[in-house]
Each structure stands twice: as structure tokens, then as C-alpha cells.
1. Considering every residue within segment 37-56, establish whether at least one is small (G, A, S), at pLDDT 95 or above and not in a loop (DSSP other than H, G, I, E, B).
2. List the pairs whose first member sits in segment 28-39 and is farther than 11 Å from Y17 by Cα, whose second member is assigned to a loop (DSSP other than H, G, I, E, B) and near the ligand (Cβ under 10 Å from one of its atoms), and whose Cβ atoms are under 7 Å apart, counting only residues at least 6 apart or on separate chains?
3. Scanning for something modelled with pLDDT under 95, surrounded by 13 or more Cβ atoms within 10 Å (Cβ to Cβ), more than 10 Å from the chain's Cα centre (by Cα) and more than 12 Å from the ligand (Cβ to nearest atom), does segment 17-25 turn up at least one residue?
Amino acid sequence: MSETSHATRQTVLYCPYCAEETLFPLETGGWECRSCMRAFSVTFLGLSPRGRSGESDISRQESA
Ligand SMILES: [Zn+2]
């Protein structure tokens, strides 16, 4: 087992699309959700900058 192949893989507990827990790792390094049949990968971009108040995150509104 080589640690380098799994170094960039992030553990995902819930599907970001349907919020189900039916996630299975793909050989290509991503994840597969067997509830909505979506394949995706999670990339670690780095630590978020300190001192954020979170105001910018609330500005986006979703209307039905
Ligand atoms: Zn899903």
C-alpha cells in the first residue's frame, strides 16, 4: 500500500448532491454516490484565511 496514492483523497461522509451516505471510492481517486449515481472528487484547496466574518457567504440567496 502506497500512502501517496491516498494522500490527496479526502474522506467524504455525505453526498454533496443528494446528501446520502451511499458513497464508494472510485479507483480513479474520486467518489461514487450510488443513490444519485454521481461521480465526483474532493480537492483540498488549503486552509481558509483567518479573520473571516462569513458575511460574504450569506450574500448568496437561493429562491425557489
Ligand atoms: Zn448522491
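The values are calculated or read from the model by the stated rules, or taken from the named source; none is laboratory data. Fair warning: this is a prediction, and the values are worked out from it, not measured in the lab. Cβ placement follows ideal geometry from the backbone for every residue including glycine, while neighbour counts extend to all protein chains displayed.
1. Looking through segment 37-56, at least one residue is small (G, A, S), at pLDDT 95 or above and not in a loop (DSSP other than H, G, I, E, B).
2. Pairs found: R34/T22.
3. Among the residues of segment 17-25, at least one is modelled with pLDDT under 95, surrounded by 13 or more Cβ atoms within 10 Å (Cβ to Cβ), more than 10 Å from the chain's Cα centre (by Cα) and more than 12 Å from the ligand (Cβ to nearest atom), which makes the answer yes.
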